[in-house]
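What follows is calculated from the coordinates using simple rules that are stated; it is not laboratory data. Keep in mind that what you see is a predicted model, and the values were worked out from it rather than measured. As a convention, Cβ positions derive from the backbone with ideal geometry for all residues, glycine included, and neighbour counts pool all protein chains shown.
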Amino acid sequence: MLGEIMTLHAYTEYKCKNCGFRYVPIPSAPQCPYCGSPSEVVFDEFVDKFLSSVSHNIIMYRSIVPPAWATITIGDYYFLIGFFALEYMVKKLGLRNNKALLMEGVDLDKCLDIVEQFIREKMNRVVIEWDRLFLKHVEAFLKEVCHKLQSPETISDQ
Ligand SMILES: [Zn+2]
């Protein structure tokens, strides 16, 4: 179909004004993961945008991870790791399908636990300090996602 949207991107870019580190300031972790400076903005809707993108992928591709993904902004990088984290979560929770993750809600403690497992088991090749700090920030993002997943009615079906 003409004009059909393949994937929903983050369109979120931020650079720490103190050290130049690129990350996404989110409500639970607004400060720079590298130097600790406070951010000038906070992206309140970043997690909502991410879940809309996930929902879009499930509808279009029946998959949380889309068949192709271009990382254009730093936000897209969070999205990409988030897709893999949620795919991992569906497996760990033993859900029948991807949609159930968005429709049925997930217990918060279980979700937070799986996020930590995902970071430990799937992202463990990360060795340099820069990546470790970034990854810690992505973990904070994934934990915000968990808070949203508790109440699935807040997630729009587009
Ligand atoms: Zn900084």
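Below, the figures for the structure above:
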quantity	calculated
Loop-located GluC sites (Glu not before Pro) in the range 94-124, at most 12 other Cβ atoms within 10 Å (DSSP)	GLU104
Peptides 135-141, 21-27 ordered by average Cβ neighbours within 10 Å, highest first	21-27, 135-141
Kyte-Doolittle at least -0.5, axis length at least 24 Å by Cα - qualifying DSSP helices, the chain	74-93, 129-149
Which of SER37, CYS111, ALA70, positive extreme of dipole for the chain (C-beta unit charges)	ALA70
Gain upon complete extension [VAL42, ASN124; 0.36 nm per residue less C-alpha separation]	26.7 nm
Estimated D of the range 46-151 in µm² per second, where Rh is the Kirkwood radius over Cα pairs and Stokes-Einstein applies at 37 °C, 0.692 mPa s	235
For the chain, calculated [θ]222 nm from helices alone, where every DSSP H run of n ≥ 4 adds -39500 (n - 2.57)	-16500 deg cm²/dmol
Cα centroid separation - the range 6-23 against the range 50-98, whole Å	19
The chain, relative contact order in percent, only Cα pairs under 8 angstrom and at least six apart counted	26
Protection proxy ranking of 91-100, 54-63 - average other beta-carbon atoms within 10 Å, highest first	54-63, 91-100
Simple label model, 7 Å out from Cα along Cβ direction - ASN18 to GLU104, nm	4.4
In the range 5-88, GluC sites (Glu not before Pro) in a DSSP loop with at most 16 other beta-carbon atoms within 10 Å	GLU13, GLU40, GLU45
